[in-house]
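Beneath this line is the structure, given in structure tokens, with notes to follow.
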Amino acid sequence: MKNLKFIFSLLIALALFSNCAEDDNDLSFIDEVVAPSEVSALFKVTQDNTGVVTITPNAVGASNFNITFGDETPEPVNVIQGEGVSHTYKEGAYIVNIEAVGITGLTTEAAQNLEVSFKAPENEIITIANDEAISKQVNVTATADFAISYEVYFGEEGNDTPVAGNIGDTVSYVYQEPGTYTIRIVIMGAAIETTEYIEEFEVTEILQPVEPAPAPPNREETDVISLYSSKYDDVPGTNFFPDWGQGGQGSAWAEFDLNGDMMLQYINLSYQGIALADGTSIDVSGMKYLHLDVWTASEGLKIETSLINNASGDVTEKPVWSDLTSGEWTSLDIPISDYTDQGLTVTEIFQLKFVGDPWAAGTVFIDNIYFYKPSTVAEVPEYNAPSPTQKAANVVSIFSDSYTSVGISELNPNWGQTTTLTTVDINGNNIWLYEALNYTGIVTDYGNPTNLSGMDYVHFDYFTPDAEKLGLKIVNTVVGQEDVIFVDRIVRGTWVSVTVPMSKFNVDASQITQMLFDTEGGSAKVYIDNLYFYSDSSTQPEVIAPVPTIAQNDVISIYSDAYSGVTLNEVNPNWGQTTTLSDFSVDGNNIWLYESLNYSGIVTDYGNPTDLTGVKYLHFDYYTPDATTLGFKIVNTALDPVMEDIVFLPEVLTGTWISVTIPLTDYNLDFSNITQLIWDTSGGSATVFIDNIYFHN
């Protein structure tokens, strides 16, 4: 067993630079230096009852090692990378400590158990198995009493060199060809006698993928045209084995099911076609790449991918060849320009063709066939999240520059997650950046739990280019209670504010010690800011809505003190509604107050409609003590008939400011001539405060 402990210390030998000019002292490389990793040591003992053990350490990124033998020897011995040290032990059990030292002085330690006995190894347990992921690789593990190391002779002709390993560790070997081999294992301790084990073992070749192809990223519908992928909506009616005579060339087709993940399998690929439904073609001129993932067990196989265009009945095709790596997925992203540079028109693609080289000599598995262009969703936030306005006396902050936060004892602790965490600065504001986020923890103080029993809501802001799900879990480890609430709908490419009533969490909130962000098995890039709990239970707002931070030139504002807005010809016009509208003010900030709201209109300018073409998001803030339904309708009256669509909020929360961000893709509209906006409570009668209505990118 190895116990790893990381020690970070930076010892820079400044004398090396003392004779250099200041401009030449570029130490930026230090930011990229990491401590040595994968620290281990191989033990090799002489079988003569002397107890002499040779220790050969190894690590990634190490220049030398300090070896502490674990017996009465007082001082460690230094060994350079690639060399070993011999030491004489008495019979007994020892813990050998290996400190790996990098070129800058960063160190990493590992401890390994060593048992020295002058008895012959006995009670051996041998495991020999084909590797589940690597073709023709065999893994051997040996354990035995009174053993220190073992050697494995894998029995392949022309290779008599054994592979050595510490007892209990696994050693591996990749054969050139599958077949049955005689594997001999020699187990050694400090005694003269060794123990041997021999087995006839069949080495197998992996001829099909054992892992799915890499998961495609989240993309907007307008950024992708998919033919075959479980991630996106595929063009319907596509034929993946049209009868082009390829069956007579030795090729065959099947849809392969890998634990529920479907993929195309083309057997003995000579040539193979994909044909869209009769009369169907796709225009991929607006796309930048053709993507496909290909797996083959065949060495040296190449694949030709041809696009076939049917512009005005003139069928034309052009090929692109790609090399494949055997035994693993090859992800191909072929520029559309590779086809158009050959003179191919790509406005009416109706077929694809694959050709194998060598001809009919290899089987391929293909998944995720789609055309795409770079995402129109922002990858990195340009602005900060809206500035919180809750009074500090009513807030328990976990992370926010706007408040004094409680102490955090652990951030992203090692709980087996893939997540990495860094703190980034955007416009002078600190923000957490989680990458490869599947889940991550925040630990406040186990010895002094945080009392959130008086808080009504939890709030956080997120920005993500690719997440599909995001939840916040709250944990009381004192009584063993936890609960997670997931965001109703993820909006990507902009800051989104989330407010959740604490009553939704089925947890005793008096002793909270942990919080976790969870993507429910996903892997996402997520920025987080303003994570705090607060109390707010009034019937009207006592603070203003969060202050917008987006620049004026990125906003088309309807109503907000933060921006100059478009012209409004009518507000709450007399369309038969019960609604009354008045101005309300908090700390000098203007707010609209709708009372008895069943519906209410906002007219911009019939003579000069507002053009929202290309704008991505609608934002508004609301505060209501009693509404149960709230929808926002957008109307283009320039068309005949009038074109309109409404989006209702999935849930209306009462008693606090709620920030709403809706992608305009949720609306089925021509956005070029917008003249009316309408609030709708679906027949209700409610009091609603409104602020910061604007559209933005």
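The values are calculated or read from the model by the stated rules, or taken from the named source; none is laboratory data. Bear in mind the structure is a predicted one, so any value in this text is a computation, not a measurement. In this analysis, Cβ positions are derived from the backbone assuming ideal geometry, glycine residues included, and neighbour counts consider all displayed protein chains.
Here are a few things to note about the model shown:
Residues checked against (1) in the same structural domain as residue 498 (by TED's automatic domain parsing); (2) in a loop (DSSP other than H, G, I, E, B); (3) within 34 Å of the chain's Cα centre (by Cα); (4) of a type outside the set (S, T, N, Q):
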{"residue": "606", "(1), (2), (3), (4)": "no, yes, no, yes"}
{"residue": "619", "(1), (2), (3), (4)": "no, no, yes, yes"}
{"residue": "627", "(1), (2), (3), (4)": "no, yes, no, yes"}
{"residue": "632", "(1), (2), (3), (4)": "no, no, yes, yes"}
{"residue": "638", "(1), (2), (3), (4)": "no, yes, no, yes"}
{"residue": "668", "(1), (2), (3), (4)": "no, yes, yes, no"}
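- Among the conditions (1) assigned to a loop (DSSP other than H, G, I, E, B); (2) touching a Phe, Trp or Tyr at 6+ places or on another chain (Cβ under 6 Å); (3) over 17 Å from residue 115 (Cβ atoms), the only one that residue 79 does not satisfy is (1).
- The residues of the range 125-150 that are farther than 30 Å from residue 329 by Cβ and either surrounded by fewer than 19 Cβ atoms within 10 Å (Cβ to Cβ) or among the hydrophobic types (A, V, I, L, M, F, W, C) (or both), listed by number, are 125, 126, 142, 143, 144, 145, 146, 147, 148.
- The combined condition, being outside the structural domain of residue 47 (by TED's automatic domain parsing) and among the basic types (Lys, Arg), is fulfilled by residue 136.
- Residue in the range 378-396 that is touching a residue at least 40 places away in the same chain (Cβ under 8 Å), out of contact with any helix residue (DSSP H, G or I) (no Cβ under 6 Å at 6 or more places or on another chain), of a type in the set (Phe, Trp, Tyr) and not in a strand (DSSP E or B) present: yes
- Restricting attention to the range 455-466 and to residues that are modelled with pLDDT of 95 or more and not aromatic (Phe, Trp, Tyr), the residue that is surrounded by the fewest Cβ atoms within 10 Å (Cβ to Cβ) turns out to be 456.
Residue-wise test of (1) in contact with a helix residue (DSSP H, G or I) (Cβ under 7 Å, 6 or more places away or on another chain); (2) surrounded by fewer than 17 Cβ atoms within 10 Å (Cβ to Cβ); (3) under 15 Å from residue 45 (Cβ atoms).
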| position | (1), (2), (3) |
| --- | --- |
| 71 | no, yes, yes |
| 78 | no, yes, no |
| 84 | no, no, yes |
| 91 | no, yes, yes |
| 96 | no, no, yes |
| 102 | no, no, no |
| 108 | no, no, no |
| 116 | no, no, yes |
| 123 | no, yes, no |
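- Hey, residue 494 buried (at least 19 other Cβ atoms within 10 Å of the Cβ) and at pLDDT 95 or above or not: yes
- Lone qualifier among 204, 180 - being out of contact with any Asp or Glu (no Cβ under 9 Å at 6 or more places or on another chain), farther than 30 Å from residue 377 by Cβ and among the polar types (S, T, N, Q): 204
- Scan the range 388-429 for residues that are of a type outside the set (D, E, K, R) and under 27 Å from the mean Cα position of the chain (by Cα) and the total you get is 24.
- Checking each residue in the range 121-131 for being under 17 Å from residue 176 (Cα atoms) and of a type outside the set (A, V, I, L, M) picks out 130, 131.
- Strands (runs of 3 or more DSSP E) completely within the range 410-528 that count 2 or more residues being among the charged types (D, E, K, R): 481-486
- The set of residues from the range 272-310 being of a type in the set (Gly, Ala, Ser), in contact with a strand residue (DSSP E or B) (Cβ under 7 Å, 6 or more places away or on another chain) and assigned to a loop (DSSP other than H, G, I, E, B) comprises 281, 297, 298.
- Going through (1) over 30 Å from residue 663 (Cα atoms); (2) in contact with a strand residue (DSSP E or B) (Cβ under 8 Å, 6 or more places away or on another chain) one by one, residue 325 falls short only on (2).
- Within the range 254-265, not a single residue is outside any strand (DSSP E or B) and of a type in the set (Asp, Glu).
- Criterion: touching a Phe, Trp or Tyr at 6+ places or on another chain (Cβ under 9 Å) and either among the aromatic types (Phe, Trp, Tyr) or modelled with pLDDT of 90 or more (or both) - qualifying residue of 56, 73, 88: 56
- Any hit, the range 352-368, residues being small (Gly, Ala, Ser) and within 30 Å of residue 406 (Cβ to Cβ): no
Rundown of residues vs (1) assigned by TED's automatic domain parsing to the domain that holds residue 299; (2) modelled with pLDDT of 90 or more; (3) among the acidic types (Asp, Glu), yes/no style:
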residue: 166; (1), (2), (3): no, yes, no
residue: 182; (1), (2), (3): no, yes, no
residue: 194; (1), (2), (3): no, yes, no
residue: 246; (1), (2), (3): yes, no, no
residue: 261; (1), (2), (3): yes, yes, yes
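- Single match in 450, 519 (criterion: of a type in the set (Ser, Thr, Tyr), closer than 30 Å to residue 223 by Cα and at pLDDT 95 or above): 519
Quick grid of which residues meet (1) hydroxyl-bearing (Ser, Thr, Tyr); (2) assigned by TED's automatic domain parsing to the domain that holds residue 175; (3) touching a residue at least 60 places away in the same chain (Cβ under 8 Å):
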{"residue": "40", "(1), (2), (3)": "yes, no, yes"}
{"residue": "54", "(1), (2), (3)": "yes, no, no"}
{"residue": "58", "(1), (2), (3)": "no, no, no"}
{"residue": "77", "(1), (2), (3)": "no, no, no"}
{"residue": "84", "(1), (2), (3)": "no, no, no"}
{"residue": "94", "(1), (2), (3)": "yes, no, no"}
{"residue": "142", "(1), (2), (3)": "no, yes, no"}
{"residue": "150", "(1), (2), (3)": "yes, yes, no"}
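- Hits in the range 640-665 (condition: part of a helix (DSSP H, G or I) and surrounded by fewer than 16 Cβ atoms within 10 Å (Cβ to Cβ)): 665
- The lone criterion from (1) at pLDDT 90 or above; (2) within 30 Å of residue 490 (Cα to Cα) left unmet by residue 220 is number (1).
- Number of the condition not met by residue 206 [criteria: (1) at pLDDT below 90; (2) on the phi > 0 side of the Ramachandran plot]: (2)
- Odd one out for residue 556, checked against (1) farther than 30 Å from residue 436 by Cα; (2) part of a loop (DSSP other than H, G, I, E, B); (3) among the aliphatic types (A, V, I, L, M): (2)
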